[in-house]
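Okay, structure first, notes after.
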Amino acid sequence: MDLQGRSYLKDADFDAAELLAVVELAATLRREKRDGRERRRLDGKHVALIFQKTSTRTRMAFEVGAHDQGAHSSYLGPGESQLGAKESPSDTARVLGRMVDGIEFRGFAQADAETLAASAGVPVWNGLTDTWHPTQSLADVLTLQDHAGRPLDDVSLCFLGDGAANVCASLLTTGAMLGMDLRIASPAGRRPSPAVWAAAAELAAASGASLRVSDDPKEAVEGADFLYTDVWLSLGEPEELWDERIDALLPYQVNAALMAATGNPSTKLLHCLPAFHNASTAIGRQIHARRGLEAMEVTDEVFESPASVAFDQAENRLHTIKALMVATLVGL
């Protein structure tokens, strides 16, 4: 298996065996880092990090991961490059491809990520677009392996809330590739697009995965090993949509009653963060003042409980992104 020189723009760019190989490498790199014996596989490499959207976990994972492996990184934050403004994505790609060994892109249009990959001549990694979030699902798979205690094709997971968002699209695709029992609980207006669902269904037919969507959260979570939720308004969407989303998605909030409805005392909570589980953020305070809500997609009681593995998941962003860079820059 050779991933050297490959880009990773959406989850299906790697097949199941390739994805699991990257996750296995991530587990190895995590052990090496924790044991203080990490071997630098990327000495002499340089990566460019293009961020049209701000970030905590994605930026830190790429910067720390590159440093741990001996590579240098150059960060181009919102407004710090000419991409899409004074210079086309293709021209930016052809310039950067002559200077660096790999490019991370976190932005709006999936088409921009595709153009960068087509023009740069070096691997391009999608750190998030409006359509996909594939580096998140790599971390999700490692976290599921850490906590499931059995093969993933024997694991059930229910995503609750905004099924139309990029995180759900990537999770659906990845779960379909890996043969999982994957459920989506969301209202009719916030479900995966027909194109995403069709692609996932094709993958599921090959892997034996079970995919279903429901507007009944209690029915959807029955027996689930993991519940997964995300913020109800994606990065870059207008704040004017908050009330509309709250009205539509509040029935899908992950709370103690919904955790109990699984009938599984071992059910774990996944969340890609940030999470509006209390009123400790500016947006949380605004929503509390206007709507009287202490929490949105997940309650503080569940988020801070032993069932939550969200911070294991966040740490795993580092190890899986590091593994992705190693696999595509120098090979597995």
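Coordinate-derived values only; no laboratory data. Keep in mind it's a predicted model, so treat the numbers as computed, not measured. Cβ sites come from the backbone with ideal geometry, for glycine too, and all protein chains shown count toward neighbours.
Relative to the longest principal axis of the chain, what angle (0 to 90°, nearest 10) does the C-alpha long axis of helix 166-177 take?
In the chain, helix 166-177 runs at an angle near 90 degrees to the longest axis.
Between residue 17 and residue 222, take the C-beta separation as r, use R0 = 35 Å, and let me know the FRET efficiency to the nearest 0.05.
It comes to 0.65.
Can you tell me the FRET efficiency between residue 1 and residue 31 if r is taken as the Cβ-Cβ distance and R0 is 25 Å, rounded to the nearest 0.05?
Plugging the Cβ-Cβ distance into 1/(1 + (r/R0)^6) gives 0.75.
Taking amide hydrogens as modeled 1.01 Å from N in the peptide plane, which residues meet the under 5 Å criterion relative to residue 46, leaving out close sequence neighbours?
It is 72, 101, 102, by chain and number.
Taking amide hydrogens as modeled 1.01 Å from N in the peptide plane, which residues meet the under 5 Å criterion relative to residue 162, leaving out close sequence neighbours?
Amide H to amide H, under 5 Å and 5 or more residues apart or across chains, residue 162 pairs with 230.
Hey, what do the phi angles of the range 271-284 turn into as Karplus ³J(HN,Hα) couplings, whole Hz, using 6.51/-1.76/1.60 and θ = phi - 60°, x for Gly and Pro?
7, 7, 6, x, 10, 9, 9, 7, 9, 8, 10, 4, 5, x
Step through the residues of the range 288-302 one at a time and calculate ³J(HN,Hα) from phi using the Karplus curve (6.51 cos²θ - 1.76 cosθ + 1.60, θ = phi - 60°), rounding each to whole Hz and writing x for Gly and Pro.
With the stated coefficients, the range 288-302 comes to 4, 5, 8, 10, x, 8, 6, 8, 10, 5, 8, 7, 4, 4, 7 Hz.
May I ask you to list the residues of the range 108-140 whose amide nitrogen lies under 15 Å from a point 7 Å from Cα along the Cα→beta-carbon direction of residue 85?
Counting backbone N atoms under 15 Å from the label point, the list is 108.
Taking a temperature of 37 °C and a viscosity of 0.692 mPa s, what whole-number D in µm²/s does Stokes-Einstein yield for the chain with Rh from Kirkwood over alpha carbon pairs?
Estimated via Stokes-Einstein, D reaches 163 µm²/s.
Please give the direction-averaged projected area of the C-alpha convex hull for the range 183-332, in square nanometres with one decimal.
11.1 nm²
Please give the charge dipole size of the range 115-242, origin at the Cα centre, charges +1 on K and R Cβ atoms and -1 on D and E Cβ atoms. Round to the nearest 20 debye.
260 debye
So how long is each side of the range 120-197 along the principal axes, counting just the alpha-carbon atoms, biggest first, in Å?
40, 32, 16 Å, listed from the longest principal axis down.
Under a 10 Å cutoff between Cα atoms, tell me which one of 123, 134, 89 has the largest fluctuation in the Gaussian network model of the chain.
89
So if each residue of separation counts as 0.36 nm, and I subtract the Cα-Cα distance between residue 239 and residue 273, what length gain in nm does that give?
10.4 nm
Return one number: the angle in degrees, 0 to 90 and rounded to the nearest 10, between the long axis of the Cα atoms of helix 110-120 and the longest principal axis of the Cα atoms of the chain.
20 degrees
What FRET efficiency would be calculated for the residue pair residue 290, residue 206, taking the C-beta separation as r and a Förster radius of 56 Å, to the nearest 0.05?
0.75
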